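Here the structure comes first, spelled out in structure tokens, and everything after it is commentary.
Values quoted throughout were computed directly from the atomic coordinates according to the rules given, and no laboratory measurement underlies them. Nothing here was measured: the structure is a model prediction, and the numbers come from that model. Positions of Cβ are generated from backbone atoms using ideal geometry, with glycine treated the same way; all protein chains shown enter the neighbour counts.
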Amino acid sequence: MNTASGHYAHHLGPVYSWMVGDLEAASDRATAELDALGLPRQACGVAVDLGAGFGLHALPLARRGYSVTAIDSCQTLLDELQRRTAEIAVHAVAGDILDFRKYVSKPVDVILCMGDTLTHLPERDSVEHLLADVAVSLSRGGLFAATFRDYVSAPLHGDRRFIPVRSDENRILTCFLECGEHTVTVHDLLHERANGQWQQRVSSYRKLRLKPEWVAAKLVERGLQVRTGAAAAGMTRVVATKG
């Protein structure tokens, strides 16, 4: 079984933009997510995007005027981010999001951890460590937002554990989930056509089962004001501000 970073480096990263599909539509959805957080359309300040991928949120943050540091463990996705930045200044860092404080030298106005990134951390203690660092790093009035899947309140059973992600004439990606007590094992089955033959590649990794109320409570313990709600694609959103 792979680690999350190994899974993305060798399995999902090379097909991730294909998996997302229409990049313009995905970018519009990401921009709408930022609007839902209450971020100003025009701003200045410092922002950090944890698990930035190829920049769905980092790029619209930069267009709003933020100085953005985009951190991800997958170099393939960061290379794509840098190809997409053009004249937009985004500082891309290949690294562990748990080490994000190494890459910022002053208080941060916005910290994002979107798209189920939080559940990719190795253990709950890692999540607590990250949230503690977020609280310390935010400026007064600064905002932290995370979106992730709630595998606790609504675990998948039976055939619902098989999730068709995307397919076309040359590629099929299907996800299969196995829920344990504290984690969910993700099996990504990728079929690709090469020279008229279908080839299968499978990679698996574990994600954390995080209850939104638990994440919110940990942020409140750090003195942040927290609100939760539904997010796009069936995810939960947790937003915290520093008074």
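Side notes on the structure shown:
- Linear extension gain, ASP168 paired with GLN225, 0.36 nm per residue minus alpha-carbon span: 16.1 nm
- Within a Gaussian network of the chain (alpha carbon springs, distance under 10 Å), most fluctuating of VAL152, VAL90, VAL134: VAL152
- Residues of type lysines that LYS218 reaches as a straight line, Cα spacing below 21 Å, ignoring anything fewer than 8 places off in the same chain: LYS207, LYS242
- Net charge contributed by nearby residues that have their C-beta within less than 15 Å of GLY21 (K/R +1, D/E -1): -3
- On the basis of the beta-carbon distance and an R0 of 51 Å, SER139 and CYS175 show a calculated FRET efficiency of 0.85.
- Counting only DSSP beta bridges with both residues in the chain, the antiparallel share comes to about 65 percent.
- In this Cβ point-charge picture (+1 for Lys and Arg, -1 for Asp and Glu), the range 170-243 has a dipole of about 280 debye about its Cα centre.
- Mean Cα-pair separation over length for the chain, i.e. relative contact order, pairs under 8 Å, 6 or more apart, %: 18
- Approximating the spin labels as points 7 Å out from Cα along Cα→Cβ, the LYS102-to-ALA154 distance works out to 3.8 nm.
- Distance from the alpha carbon centroid of the range 1-78 to that of the range 103-170 works out to 12 angstrom.
- Ordering SER126, TYR8, PRO40 by Cα displacement along the dipole of the chain toward the positive end leaves PRO40 in first place; charges were set at the Cβ atoms of Lys, Arg (+1) and Asp, Glu (-1).
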